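Comments concern the structure below.
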Amino acid sequence: MQIAKDTVVTLHYEMFDAENTLLDKTEEPIAYLHGGYDGIFPLVEEALHGKAVGDSVDVKLTPDDAFGDPEEELVRVEDLDVFPADVEVGMMFEADDPETGDVLLFRVTDIADGKAIVDANHPLAGQTIRFVAKVTEVRAATAEELSHGHVHGAHGHHH
């Protein structure tokens, strides 16, 4: 079966930075609903369209195609006294965005002089990414998956 709209695609992937350093890879395959459901990067979905089990794609994604450009307003300097005593670089904290009310996930990127710098940008924001994937399974989506707009079951979403 070929990958087409409303199919469930299962794949393994590796992501590399511009220097070809491995950033991320699947241990277990992932599955997404193909056809514009925002389950995978649009350029990767486009490259996978028409492929079948065993086929591979190798896609270069600019920041606009992947994790976006870093946004200055998502970087904040906060007093250390608002954090737990054991705060350290790399820790993650949720906070409400006062403008939108959305919950943002901030990563502590630096601690100095009684202050912590926190960043809610994706860690790969601003980077060009190479996404390499191999298709392991293609099947028709169920009516429930189509109505929910995402995959259920193995490697997908569970309710």
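The values are calculated or read from the model by the stated rules, or taken from the named source; none is laboratory data. Nothing here was measured: the structure is a model prediction, and the numbers come from that model. Using ideal geometry, Cβ is built from the backbone for each residue, glycine included, and neighbour counts are taken over all protein chains shown. Surface accessibility is based on the protein's heavy atoms, side chains included, excluding ligands, DNA and RNA. Shrake-Rupley method; radii C 1.70, N 1.55, O 1.52, S 1.80 Å.
With a point put 7 Å past each Cα toward its Cβ, work out how far Ala85 is from Val103 in nm, to one decimal.
2.7
Segment 70-117: percent of C-alpha pairs farther apart than 14 Å? Show your work: numbers first, answer last.
Numbers: 574 of 1128 pairs.
The share of Cα pairs beyond 14 Å in segment 70-117 comes to 51 percent.
Give the residue from Thr7, Val132, Pro70 lying farthest towards the positive end of the charge dipole for the chain; charges sit on Cβ (+1 for Lys and Arg, -1 for Asp and Glu) and the dipole is referred to the Cα centre.
Thr7
Give me the lysines in straight-line cross-link reach of Lys134: C-alpha distance below 25 Å, same-chain residues under 8 apart excluded.
Lys5, Lys25, Lys51, Lys60
So, in Å, what gap is there between the alpha-carbon centers of segment 63-102 and segment 1-50?
The distance from the Cα centre of segment 63-102 to that of segment 1-50 comes to 28 Å.
Could you tell me the calculated FRET efficiency between Glu46 and Asp96, based on Cβ-Cβ distance and R0 = 25 angstrom, to the nearest 0.05?
Working: r = 35 Å, r/R0 = 1.42.
For R0 = 25 Å, the calculated efficiency reads 0.10.
Karplus couplings for segment 88-105 from phi (6.51 cos²θ - 1.76 cosθ + 1.60, θ = phi - 60°), rounded to Hz, Gly and Pro as x?
3J(HN,Hα) across segment 88-105, in whole Hz: 8, 4, x, 5, 10, 9, 8, 8, 7, 7, x, 7, 9, x, 5, 8, 10, 9.
Within the chain, what percent of beta bridges assigned by DSSP are antiparallel, to the nearest 5? Display every interim value, and only then the final one.
On the way: 38 of 39 bridges.
Counting DSSP beta bridges with both partners in the chain, the antiparallel share is about 95 percent.
Multiply the residue gap between Glu27 and Thr136 by 0.36 nm, knock off their C-alpha separation, and tell me the result in nm, one decimal place. Kindly include the intermediate steps, with their values, before the conclusion.
Numbers: separation 109, 0.36 × 109 = 39.24 nm, distance 1.32 nm.
Gain on stretching Glu27 to Thr136: 37.9 nm.
Give me the mean projected area, in nm² to one decimal, of the convex hull enclosing the Cα positions of the chain. Spell out each step's value before the answer.
Values: hull surface 46.5 nm².
Mean shadow area of the hull around the Cα atoms is 11.6 nm².
Assuming R0 = 25 Å, what is the FRET efficiency of Ala125 and Lys5, from their Cβ-Cβ distance, to the nearest 0.05? Walk me through the intermediate numbers first.
Details: r = 30 Å, r/R0 = 1.19.
Once the sixth-power term is evaluated, E becomes 0.25.
Leaving ligands, DNA and RNA out of it, report the carbon-plus-sulfur percent of the accessible area of the chain at a 1.4 Å probe. Working shown, then result.
On the way: 4650 of 9430 Å².
With neighbouring chains kept in place, the figure for the chain is 49 percent.
Determine, from the Cβ-Cβ distance of Asp55 and Asp17 and an R0 of 30 Å, the FRET efficiency 1/(1 + (r/R0)^6), rounded to the nearest 0.05. Provide the component values of the computation, followed by the final result.
Working: r = 24 Å, r/R0 = 0.81.
Efficiency, rounded to the nearest 0.05: 0.80.
Taking only C-alpha pairs under 8 Å that are 6+ residues apart, what is the relative contact order of the chain in percent? Let's see the in-between values first.
Working: 312 pairs, mean separation 56.5, N = 159.
Taking the mean separation of contacting Cα pairs over the length of the chain, I get 36 percent.
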